[in-house]
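Remarks on the structure that follows.
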Amino acid sequence: MLLKKVCLNHQLCDILIKGNTISQIEKSINVPDEIIWDCTGKAIFPSFANTHTHASMMFLRGIGEDQELFTWLNTSIWPREAKLKPEHIYPLSRFAILEMIKTGTTFFCDMYGDADETVRAVNDMGIRSMIPYVGMDFFDENETERRLNQADLFLSGPSPSGRIIKGTSAHAIYTCSERLIRGLFEKAQNHQTYFHIHLSETEKEVHDCLNKYGCRPVELLHKWGVLGPKTILAHGVHFNEDELHILADTGSIIAHCPTSNLKLGSGSMNLQKYLESNIQLTLGTDSVSSNNSLSMITEMKVAALSAKQRVGSVLAGRVSDILKIATRNGFQAFGINTGRIEVGALADFVLVDLNNPLLLPNEQIDSHLIYAADSSCITDVICDGKPVMQNKTVTNETQIIDEFKRVVWELNRL
Ligand SMILES: [Zn+2]
């Protein structure tokens, strides 16, 4: 595939894609018999990596608004999730992936039940994902064993595509026992893969951890030996200086979810301080039940604004840093060779319409992408060298939406 006259860093060029890789970027490339894609009037950007979400929660968008986290989970979310059957997960995940593609995302790190169904949805939709087996035992020892056995089954099954990483996940330190958390981490380690957990989302969680275990959440996980360059900590709003040192030393990955944190009143992370602490910082949306969208464009804007507000300085949350945590850092954390438009990188990218009013004038387009753009600016999305959205159209879009509506109707009747 040969992209002709595409705008990269304010200059027109041709980009040759061979297989799933960017193989050449030149002012002009001519290769006989190559499929030509005329990109006149379009600019190319890396696609987004959403490092924390719960794809199948699409049916809970807008449910239980204005409730505190623990009340919200106990009264609005968990009772509704109890109605879910495995057959609901595939259509719900596909619908989530449709929204991700339309908003320019080609990778997400998930956390939800019936993970095999999400694996199937990602495989069919053509994007990338880290899909973990998720454990939660509420400190019941019988449940711990059952969960650990299920994790083995999930991890030992084949992955249908090189685009999909299988891993493990424990929900949180307030819903999972030490044995489950350590066990799930060890299983991930044995398979050289990733371990995902919510951590330090609220002040209450930190307070309860101090009361129960006598230390702060990061210190607890460090003591249990479950931190490292393949551990993703979602939220991480309330880390103190010592915890940031531990996270930098262990190379652990933080999935910053600013919209969800602000919306649930969980607090505002000091992004600038985290950036200066040399930790692996990435960006995620969390689910639509607490966001209420999966758009990484919106997430970048909230990340930038909340960073500035948190320290009272315009110098925090700079354009280049925000773009980096939403693209390059996210892919890098998961060992995926993309998140940048360079020769040798995997061909994951978006094309945007330079004549969309939200992107004019074009001179400051990086800033527009964070502060002005929305999904209407994105015309095409490519993952692993293949278009997953072309001219704003995703294959089977109407069918995916109809199936989602049918599942919501069915769940509302149960
Ligand atoms: Zn979450």
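The values are calculated or read from the model by the stated rules, or taken from the named source; none is laboratory data. These numbers come from a predicted model, not from an experiment. When we count neighbours, we look across all protein chains shown, and the Cβ atoms used for this are built from the backbone with ideal geometry, even at glycine.
A few notes on this one:
- K273 vs. criteria more than 14 Å from the ligand (Cβ to nearest atom), within 26 Å of L180 (Cα to Cα) and not in a loop (DSSP other than H, G, I, E, B): no
- Considering segment 111-135, and only residues there that are part of a loop (DSSP other than H, G, I, E, B) and among the hydrophobic types (A, V, I, L, M, F, W, C), the residue that is farthest from the ligand (Cβ to nearest atom) turns out to be I127.
- Residue count for segment 221-246, restricted to those that are within 25 Å of the chain's Cα centre (by Cα), touching a residue at least 40 places away in the same chain (Cβ under 8 Å) and away from the ligand (no atom under 16 Å from the Cβ): 6.
- Single unsatisfied condition, A307 versus (1) away from the ligand (no atom under 16 Å from the Cβ); (2) surrounded by fewer than 24 Cβ atoms within 10 Å (Cβ to Cβ): (2)
- Count of segment 323-342 residues which are in a helix (DSSP H, G or I), out of contact with any Gly (no Cβ under 9 Å at 6 or more places or on another chain) and surrounded by fewer than 24 Cβ atoms within 10 Å (Cβ to Cβ): 1
- When segment 181-211 is filtered for residues that are of a type outside the set (D, E), within 16 Å of the ligand (Cβ to nearest atom) and in a loop (DSSP other than H, G, I, E, B), the ones remaining, listed by number, are Y194, S200, T202.
- Every residue from segment 186-203 that is farther than 19 Å from T259 by Cα, in contact with a Cys (Cβ under 9 Å, 6 or more places away or on another chain) and either surrounded by fewer than 24 Cβ atoms within 10 Å (Cβ to Cβ) or not aromatic (F, W, Y) (or both): H196
- The residues of segment 247-270 that are small (G, A, S), within 12 Å of the ligand (Cβ to nearest atom) and either surrounded by fewer than 18 Cβ atoms within 10 Å (Cβ to Cβ) or under 21 Å from C209 (Cα atoms) (or both), listed by number, are A255, S266.
- Some residue of segment 197-210 being of a type in the set (G, A, S) and in contact (Cβ under 8 Å) with a residue 12 or more places away in the chain: yes
- Sole exception among (1) more than 23 Å from S295 (Cβ to Cβ); (2) not in a helix (DSSP H, G or I) for F108, by number: (1)
- Per-region count, segment 30-54, residues in a strand (DSSP E or B), surrounded by 13 or more Cβ atoms within 10 Å (Cβ to Cβ) and of a type outside the set (A, V, I, L, M, F, W, C): 3
- For segment 135-147, taking the residues that are in contact with a Leu (Cβ under 9 Å, 6 or more places away or on another chain) and not acidic (D, E), the one that is farthest from H191 (Cα to Cα) is identified as F139.
- Filter result for S260 (assigned to a loop (DSSP other than H, G, I, E, B) and assigned by TED's automatic domain parsing to the domain that holds I322): no
- Residue within segment 360-381 that is within 17 Å of the chain's Cα centre (by Cα), closer than 25 Å to P91 by Cβ and in a strand (DSSP E or B) present: yes
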